[in-house]
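A.B. asks: After the structure tokens below, expect a handful of questions from me.
The values are calculated or read from the model by the stated rules, or taken from the named source; none is laboratory data. These figures come from a predicted structure and were not determined experimentally. Quick reminder, even Gly has a Cβ in these numbers, built from the backbone with ideal geometry, and neighbours come from all protein chains shown.
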Amino acid sequence: MAAAPKKMTTAIELPRLAIETIEIPIIGDSPLIVHKFSEKAKKQMLDKQMKKASAGKEAKDPWRDFVESMYWLDGMPDAPTEEDVTKGRFGFPAVGFKAAAVTACTSIGSITKVAARQAFHVEGEFIEIKGAPPSMREDIARVGMGTADLRYRGEFDPWSATLTVKYNANLMSAEQVVNLFETAGFAVGVGEWRPERDGPYGRFHVAKGGEA
């Protein structure tokens with residue numbers, strides 16, 4: 001018969017995590033292009049993985065591609081209208097902003113990317129994008145073998161957002177956190193065709209005193 005485990009009698013003292021929260025308002029410096037994975041694209045991928053027979057390529061629907069490219073915070077209507085787009089609330093994945101700040105570590109050098117991933121988090125699943133209603137953007141995309149395709153995506157210009165960031169003050173100061181996001185906005189960006197991907201879009205800066 002196995003011996004019963006001994007009860008722990010020694011108190012264990014854990015070092016206190018100095019978790020602080022800071023709100024960082026940001027302002028877009030170039031248009032933000034969003035490209036959410038559409039339901040049609042997800043279905044095509046699933047059908048391919050399940051080895052279902054293809055029904056052939058569907059006719060392109062620019063409006064549907066546009067509305068499905070965006071993150072509707074209150075849910076996308078079944079048949080969105082221009083009025084729905086004008087009045088809708090839209091967001092962008094919070095992990096996208098964190099990824100940009102982590103990548104910015106390569107420009108600063110005071111903290112590694114591994115340490116940064118553990119040192120702070122952007123709260124929430126999506127960050128609400130404020131500003132003008134999104135417009136439909138048309139771009140030509142190269143899809144390989146010398147062929148091209150037209151892509152229709154949402155573009156926000158002007159835009160702004162507020163990031164709620166929790167960080168470990170034992171590892172980083174508030175100033176370092178803000179500086180990471182300031183650098184990220186200039187050097188990395190968010191969304192499609194951002195500086196990290198050799199584009200000019202999705203750049204931003206941390207709002208200074210007096211900026212709305």
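A.B. asks: Scan segment 77-91 and tell me whether some residue there is surrounded by fewer than 18 Cβ atoms within 10 Å (Cβ to Cβ), at pLDDT 95 or above and hydroxyl-bearing (Ser, Thr, Tyr).
C.D. replies: yes
A.B. asks: Restricted to segment 92-110, and to residues that are at pLDDT below 95 and not in a helix (DSSP H, G or I), which residue is farthest from Asn170 (Cα to Cα)?
C.D. replies: Gly109
A.B. asks: Since Lys51 meets every condition but one in (1) modelled with pLDDT under 85; (2) part of a helix (DSSP H, G or I); (3) farther than 25 Å from Trp193 by Cα, which condition does it not meet?
C.D. replies: Evaluating Lys51 over (1) modelled with pLDDT under 85; (2) part of a helix (DSSP H, G or I); (3) farther than 25 Å from Trp193 by Cα leaves (2) as the failure.
A.B. asks: Do we find a residue being among the polar types (S, T, N, Q), within 12 Å of Ile26 (Cβ to Cβ) and at pLDDT 95 or above anywhere in segment 149-161?
C.D. replies: Yes, some residue in segment 149-161 is among the polar types (S, T, N, Q), within 12 Å of Ile26 (Cβ to Cβ) and at pLDDT 95 or above.
A.B. asks: Regarding Asp198, is this residue under 30 Å from Asp61 (Cβ atoms) and free of Cβ contacts under 8 Å to residues at least 40 places away in the same chain?
C.D. replies: Here the answer is yes, as Asp198 does meet what is asked.
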